[in-house]
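Participant: Once you've had a glance at the structure underneath, I'll fire off some questions.
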Amino acid sequence: MSAISLYARATAGHDDRVANALSVLREAALAHPGRIVQATSLGAEDMVVTDLIARHGLGIAFGTLETGMLHAQTVELIGRIEARYGVPVEVYRPDAAVAVHFVKTHGERAMYKSVALRKDCCGFRKLEPLGRMLAGRSAWVTGLRREQSNARAVVPFLDTEDPERVKVNPLADWSWADVWHYIATFDVPYNPLHDEFMPSIGCAPCTRAIAVGEDFRAGRWWWEDQDLKECGLHVKEDDPAAATESPLASSLAMPLDETLGAHR
Ligand code: SF4
């Protein structure tokens, strides 16, 4: 059964939420000319945001994190975006020497050994490359939605907490049904893994399908405490997840809020 047939529903206010998202994006693009990027995780929400930006010709660049651990279907989406919309997608990868050293030292399955090692892995595969993506930029766009988790329940459309860089969340008030209704309406390309009961897709070792009735993000880092399930990309310093921040992540120059995790 496809994700569209499972989730897409036209609900009251959908058109208003689409119009508002477009307005938020348009204003952000005008406020940060040449200095704004969509950090796309290539998930369903981010594909909607990419479609809004590309179809309306807003001046927002596209960037993604190729962690070296993604499913082939996820990596293929990069080429599908470029072909569909005729736009380039900047691809940021981890430092190869750091990756080799980490795997040599801690093994291929390090992320399952401890929260600290998992966060170290997210640190060099996501946070550090995200820092490169955001360098010199004054705004970035995400696909965060309040409905995604308790930690994201208060996501604003414009997060100005960081004085150096605004985080723009145009889908903050969207529901999962909204996301899929938009994808169906505009035939937006999406990851086929969503059709296999993976609503939230990250790296292959850290993503599994969910069962009926399970939480939206139950398939992410499922072996960890629920409160710790963020990669650091969108973690506030006073969040529980930040309390277990790894030594590697804390050594990064950027605050955790900016450093990554690919709404992944
Ligand atoms: S999601 Fe998993 S594989 Fe990906 S960077 Fe984080 S710990 Fe590593």
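Participant: Along the positive direction of the dipole of the stretch 1-144 (beta-carbon charges: Lys, Arg +1; Asp, Glu -1; about the Cα centre), which of S114, L25, T50 reaches farthest?
Facilitator: The Cα lying farthest towards the positive end belongs to S114.
Participant: I would also like to ask the following. Taking square-rooted eigenvalues a ≥ b ≥ c of the alpha carbon gyration tensor, is the stretch 78-225 rounded, prolate or oblate, where a/c under 1.5 means rounded and, failing that, a/b exceeding b/c means prolate?
Facilitator: rounded
Participant: A further question on this structure: What is the local net charge at S175, summed over the other residues whose Cβ is closer than 12 Å to its Cβ (Lys, Arg +1; Asp, Glu -1)?
Facilitator: Its environment carries a net charge of 0.
Participant: Just to be sure I understand the model, the point goes 7 Å from the Cα along the line to the Cβ. What's the resulting T160 to D195 distance in nm?
Facilitator: Taking the two extended label points, one gets 4.4 nm.
Participant: Considering only protein heavy atoms and a probe of 1.4 Å, how much of the accessible area of the chain is carbon and sulfur, as a whole percent?
Facilitator: For the chain, the apolar C and S fraction of the accessible surface comes to 56 percent.
Participant: What does the highest-first list of 205-218, 62-75 look like by mean Cβ count within 10 Å?
Facilitator: Packing proxy ranking, top to bottom: 62-75, 205-218.
Participant: Right, something else. How much length is gained on full extension from A116 to V103, taking 0.36 nm per residue of separation minus their Cα-Cα distance?
Facilitator: 3.2 nm
Participant: Still on this structure, please answer the following. In sequence order, what are the phi-derived ³J(HN,Hα) couplings for the stretch 171-182 according to the Karplus relation 6.51 cos²θ - 1.76 cosθ + 1.60 with θ = phi - 60°, rounded to whole Hz, with x for glycine and proline?
Facilitator: 3J(HN,Hα) across the stretch 171-182, in whole Hz: 9, 3, 9, 7, 9, 4, 5, 4, 4, 6, 5, 5.
Participant: Continuing with the same structure: Based on Cβ point charges of +1 for Lys and Arg and -1 for Asp and Glu, what charge dipole magnitude is obtained for the chain about its Cα centre, in debye rounded to the nearest 20?
Facilitator: Result for the chain is approximately 500 debye, rounded to the nearest 20.
Participant: Please work out the average accessible area per residue across the chain, using the 1.4 Å probe convention, and give it in Å².
Facilitator: 42
Participant: Rounded to whole Hz and in sequence order, give me ³J(HN,Hα) for the stretch 28-44 from the Karplus expression 6.51 cos²θ - 1.76 cosθ + 1.60, θ = phi - 60°, writing x for Gly and Pro.
Facilitator: 5, 4, 6, 6, 10, x, x, 10, 9, 9, 8, 8, 8, 7, 6, x, 4
Participant: Where the only charges are on Cβ atoms (+1 Lys, Arg; -1 Asp, Glu), what is the dipole of the stretch 2-126 about its Cα centre, to the nearest 20 debye?
Facilitator: Computed charge dipole of the stretch 2-126: roughly 380 debye.
The values are calculated or read from the model by the stated rules, or taken from the named source; none is laboratory data. It should be emphasised that the depicted structure is a prediction, and the values quoted were computed from it without experimental measurement. All Cβ positions, glycine included, derive from the backbone under ideal geometry; neighbour counts span all protein chains shown. Each accessible area value is taken on the protein alone, full model and side chains, heavy atoms only, with ligands, DNA and RNA left out. Shrake-Rupley method; radii C 1.70, N 1.55, O 1.52, S 1.80 Å.
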